[in-house]
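Notes follow the structure.
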Protein chains: 2
Amino acid sequence: MDQVTKTPGWQDEIVVLLRSHGINPTTQRVTIGRIILSAYRHLSADQVLKAVNEDKHFVSKATVYNTLNLFAKRKLVREVFVDPSKVFYDSNTSPHYHIYNEDTGELIDLEADQLEVTGIPDLPANTVETGIDVIVRVHNRNRSVLN
Amino acid sequence: MDQVTKTPGWQDEIVVLLRSHGINPTTQRVTIGRIILSAYRHLSADQVLKAVNEDKHFVSKATVYNTLNLFAKRKLVREVFVDPSKVFYDSNTSPHYHIYNEDTGELIDLEADQLEVTGIPDLPANTVETGIDVIVRVHNRNRSVLN
DNA sequence: CTGCTTGCAAAGGCTTTGCAGAACA
DNA sequence: TGTTCTGCAAAGCCTTTGCAAGCAG
């Protein structure tokens, strides 16, 4: 995780990656790309913003949001909706599913070859499938059952 | 759908249903219950608010939100997160999944006996599964591929 | 120069909350 | 009379947007 930011050549790889997806690699975009694209991660916009500022590379909140939206539109990251209060951005773009811990907010990948979804019926007329999300929701065992 | 609100006895059934889930059946709660519990429906809080006011039963926005949260906590409805901008409340509480049309916002039930999820690996230590969400995302065919 | 980017601050949309008045037992 | 509930308005969060200044080619 911290190894990544120190590895020489990573910045160039990010630059190439951004260009190959039609994105002009500005300083801010490369900084954000290094945070989220250099390993499989699940981060909210706020977590990206914090991570960016920890590394003393200052990027504004607006740019973080705009950049993550751009990355999503260009399929560099996938938006994951598990919690109504915030979007997670997932840099693993291969087919896979998730385990979501509702207590900790932690999101874990389930590769598609482990888990299978069968029996999907016909889709409504004139519609095309764009993807299947599977979320296995869990909570910590040592939790009160009461509300 | 409109038949429901005219059927004699429905209000009493809603009252019984609320009581059986530990909910004090106030006028507003029964009104909201008749909107969302009398048939399988997927509605956002805003849609419930609109439906309530169409029928000339005025319930405030705060009460709609509070009541839907209460229904969810008492398992009368299930919260569905498919769109980061709003929560859907689903009155079908039996095990099932969803097809979500990203163009229309329409949500369609997929009964659990049609669709099967297999190969769920071990959960993280000390966690308990609370449910599995499956969302088949679709969009309308006649849509531009470009952004 | 000209167009794309950034960043601040303001605006927006959905949801929650504080609190006073109302309803109910 | 005490408790629960409602509803208004305000506040809170996350996210988007307007716009002026900055940067690149």
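On the basis of being of a type outside the set (S, T, N, Q), exposed (fewer than 15 other Cβ atoms within 10 Å of the Cβ) and not assigned by TED's automatic domain parsing to the domain that holds B:T27, does B:V134 make the cut? Judged against the criteria, B:V134 is not a match. Once segment A:38-50 is narrowed to residues that are at pLDDT 95 or above and buried (at least 17 other Cβ atoms within 10 Å of the Cβ), the residue that is farthest from DNA strand C (Cβ to nearest atom) is A:H42. For segment B:74-106, the candidate set comprises residues that are of a type in the set (D, E, K, R) and more than 12 Å from DNA strand D (Cβ to nearest atom); within that set, the residue that is farthest from the other protein chains (Cβ to nearest Cβ) is B:D90.
Restricted to segment A:111-127, and to residues there that are farther than 17 Å from B:L110 by Cβ and within 7 Å of another protein chain (Cβ to nearest Cβ), the residue that is surrounded by the most Cβ atoms within 10 Å (Cβ to Cβ) is A:Q114. Taking residues in segment B:67-80 that are in contact (Cβ under 8 Å) with a residue 40 or more places away in the chain, and partners anywhere that are surrounded by 19 or more Cβ atoms within 10 Å (Cβ to Cβ) and acidic (D, E), the pairs with Cβ atoms closer than 9 Å and at least 6 places apart or on different chains are B:V77/B:D90; B:V80/B:D90; B:V80/B:D133.
Of the residues B:N66, B:N24, which is within 13 Å of DNA strand C (Cβ to nearest atom), closer than 26 Å to B:G131 by Cα and out of contact with any strand residue (DSSP E or B) (no Cβ under 8 Å at 6 or more places or on another chain)?
B:N66
Looking at this structure, is B:L18 assigned to a helix (DSSP H, G or I) and either closer than 27 Å to A:R137 by Cβ or modelled with pLDDT of 95 or more (or both)? The answer is yes for B:L18. In segment B:38-49, the residues that are more than 11 Å from B:Y89 (Cβ to Cβ) form Cβ pairs under 7 Å with partners that are among the small types (G, A, S) and surrounded by fewer than 19 Cβ atoms within 10 Å (Cβ to Cβ), at six or more places apart or across chains, as follows: B:Y40/B:S91. Filtering segment A:58-73 down to residues that are near DNA strand D (Cβ under 9 Å from one of its atoms) and over 15 Å from the mean Cα position of the chain (by Cα), which residue is surrounded by the fewest Cβ atoms within 10 Å (Cβ to Cβ)? Here the residue is A:A62. Counting only residues that are over 16 Å from A:S44 (Cβ atoms) and either part of a strand (DSSP E or B) or charged (D, E, K, R) (or both), segment A:54-104 holds 9 of them.
For segment A:105-147, the tally of residues that are over 20 Å from A:D46 (Cα atoms) and in a loop (DSSP other than H, G, I, E, B) stands at 19.
The values are calculated or read from the model by the stated rules, or taken from the named source; none is laboratory data. Quick caveat, the model's predicted, so the values are computed rather than measured. All Cβ positions, even for glycine, are placed from backbone atoms using ideal geometry, and neighbour counts span all protein chains on display.
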